[in-house]
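Worksheet: the structure to be examined is printed underneath.
The values are calculated or read from the model by the stated rules, or taken from the named source; none is laboratory data. Remember, it's a predicted structure, so these values are computed and weren't measured experimentally. FYI the Cβ positions are ideal-geometry reconstructions off the backbone, even for glycines, and counts take in every protein chain you see. Please note that ligands, DNA and RNA were not included when accessible areas were found on the heavy atoms of the full protein model with its side chains. Shrake-Rupley method; radii C 1.70, N 1.55, O 1.52, S 1.80 Å.
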Amino acid sequence: MKTKILYLSYNGMNEALGASQVLSYLYQLSDEYEYHLISLEKPKDFADKQKMNVLQNTIQSKDIFWHPVEYKTDKMGKLFNFFRLLNASKKIVRHNDIKFAHTRSYFPAMIAYILGLKYLFDTRGFAFDERADVGAIKRNGFIFKFLKKIEKKLYKKASGINKLSYEGKRTIEENELFEGGNQIKNITVIPTCVDLERFNWTKRRYQEKVRVGYVGTATGWYNFDKTLIALKAIGKKIDYDFTIFNDNQHSFISEKLLEHQIPLEKVTLKKIPFSEMPERLTDFEIALFYIHPYFSKRASAATKIGELLASGIPVLTNGNVGDHEFYIEQSGCGKILDFEQLDSYDFENLLNKLRTEEVSRNCRKLAQEYFSLEKGVEKYRELYKLIFA
C-alpha cells in the first residue's frame, strides 16, 4: 500500500511554475506515494472548465488526486485564501486518514502545523522577509516580529526542510534568519530542477550580431530598468538582437523600451506557452536579467537558471542572489555583473568568450550535475524515506 501524502501548493497547476516545479516531480514520485494535491488556481484558469478537465484527466492518469481551489484575487479573498486551503485540507486529511504533508512554502506549512501532520517544509524562499523586503510589512513592526516567531516554530517543528540554495541554508545555520538556526540540522538543498529531456542542448551558429534573450516577468523581484541599462552598455560595444518571452506585460515592457531608447527594430517581444519554451530558447545565445539582491533572495533559485543552462545558454546577471556566483561565475557559464560599473566591461571581448560551443556545452554539463529533474526526484525519494517512514 502506498504512503498517503497531502501536497499543498499556493501556486496553481495551470501555471508554468506549478507544471515544472510540482507536477514534474509528482508524476515520477506517484509510483511510490499516493498524493492528494491541493492547489490554488487563478480565477481565469479555474473558470476554464475544458482546460481544468484536461489537466484533471492528465493528473488523474498518474494516480494523483487533485483538489483545485479557486484563488481569490480581491482584498478580502486574498485574506481568506489561507482558510479556504485549510478547510479543504481538513476534509481531505480526515476522509483519507493522511498523516504526512509536503508543503510548498510557508502558508502550506502553517496548515500542516495546525493539522498536526508530519511535514516536509519545502520552504522555497524566506517568505516573511520577502514581504518586508518589498515594503508590504515593516521589519520593526509587530506583524513582522509575530510572523518571525511563527517562522521559527515552522522550522523547528518540520520533520525535514528543503532549501533552494546553499546560501539560504547557510543563512539559517549561522543564525542570520532567526536565533537558534544553528540548532536546525535537517536541511537539504534541492534547487529548482529542469526536465533535461525537454530542455535540450542545441548547437548554435554564432554570427557577428549577438542574440540576447530575456524570459519571464519584468517586474516584482526583477528590475527591467537595470536589464535595459546593461543592454545599452552591451550595444555600445557590439551589435545585438534582443528577444523577450513574456506572458502579459507587453505594454509595460514596450514603455520601458521607449524610455531607455532601445531601437525597436532590434527587439522581438512574444508570448510563448511553456510547452514551446524549450524549442524557442534556441533563439538565445546569451540570457540577461537583474534580480533585486534583497536579503530574502539569498534563498532564491530562479527556475529560468536551470532551463537556460540546460539549453546551453550562458547567463549575465547580478550577484548576492541564491547561489548565482557558484553556478555562473565559478563555472564559467556566464558573468556576474556589477550593474553600477557597466562601463568598465569590455562586452565585445566578454561576449565573444561566452559565445562558443565549449561554453555552451559546459552550461549543459552544469545543468546535468545540479539541475537535473531526475536527480531532484531521487533526492526527494531519499527525504521521504527519512521523514515519512
In sequence order, calculated HN-Hα J values of segment 123-129 (Karplus, 6.51, -1.76, 1.60; Hz; x Gly/Pro): 6, 6, x, 9, 4, 6, 5
Separation of the N186 and K42 label points, Cα + 7 Å toward Cβ, nm: 3.5 nm
Taking only Cα atoms, what is the 0 to 90° angle, nearest 10, from helix 142-157's long axis to the longest principal axis of the chain? 70 degrees
Apply the Kirkwood formula to segment 37-124: the hydrodynamic radius equals the inverse of the mean of 1/r over all pairs of different alpha-carbon atoms; give it in Å with one decimal. 13.9 Å
Please give the helix 106-115 orientation as an angle from the longest Cα principal axis of the chain, in degrees from 0 to 90, rounded to the nearest 10. 10 degrees
With every protein chain kept in place and ligands, DNA and RNA left out, what is the accessible area per residue of the chain? Probe 1.4 Å, answer in Å². 47 Å²
Added length on full extension, which subtracts the Cα-Cα distance from 0.36 nm per residue, D63 to T219: 52.5 nm
Report, in debye and to the nearest 20, how large the dipole of segment 212-280 comes out about its Cα centre when Lys and Arg carry +1 and Asp and Glu carry -1 on their Cβ. 200 debye
Given the rule -39500 (n - 2.57) for each run of at least 4 DSSP H residues, summed and divided by the residues of the chain, what is its mean residue ellipticity at 222 nm, to the nearest 500 deg cm²/dmol? -12000 deg cm²/dmol
Prolate/oblate/rounded label for the chain (Cα gyration tensor, a/c 1.5): prolate
Can you classify segment 262-308 as rounded, prolate or oblate using the Cα gyration tensor, where a ≥ b ≥ c are the square roots of its eigenvalues, rounded means a/c under 1.5, and otherwise it's prolate if a/b beats b/c and oblate if not? oblate
Could you state how much accessible area R131 has, in square angstrom rounded to the nearest 10, with a 1.4 Å probe and all protein chains kept in place? 130 Å²
Please work out how much length the chain gains when fully extended from E340 to D97, using 0.36 nm per residue of separation minus the C-alpha to C-alpha distance, in nm with one decimal. 81.9 nm
Got a sec? Charge dipole of the chain, +1 on Cβ for Lys and Arg, -1 for Asp and Glu; which of A310, Y222, L40 is way out at the positive end? L40
Gain in length, V54 to E174, computed as 0.36 nm per residue apart minus the alpha-carbon separation, to one decimal in nm? 38.6 nm
Taking the Cα centre as origin and putting +1 on Lys and Arg beta-carbons and -1 on Asp and Glu beta-carbons, what dipole magnitude results for the chain, to the nearest 20 debye? 1440 debye
Applying 1/(1 + (r/R0)^6) with R0 = 45 Å to the Cβ-Cβ distance of R361 and K156, what FRET efficiency is obtained, to the nearest 0.05? 0.55
Three-way shape call for segment 197-255 based on the alpha-carbon gyration tensor, with the a/c threshold at 1.5: oblate
Angle in degrees between helix 75-96 and the longest Cα principal axis of the chain, rounded to the nearest 10: 50 degrees
Once the mean of 1/r over all distinct C-alpha pairs in segment 161-299 is inverted, the Kirkwood radius in Å reads 17.5 Å
Can you pull out the GluC sites (Glu not before Pro) in segment 195-304 whose DSSP state is coil and whose Cβ has at most 11 other Cβ atoms within 10 Å? E197, E208
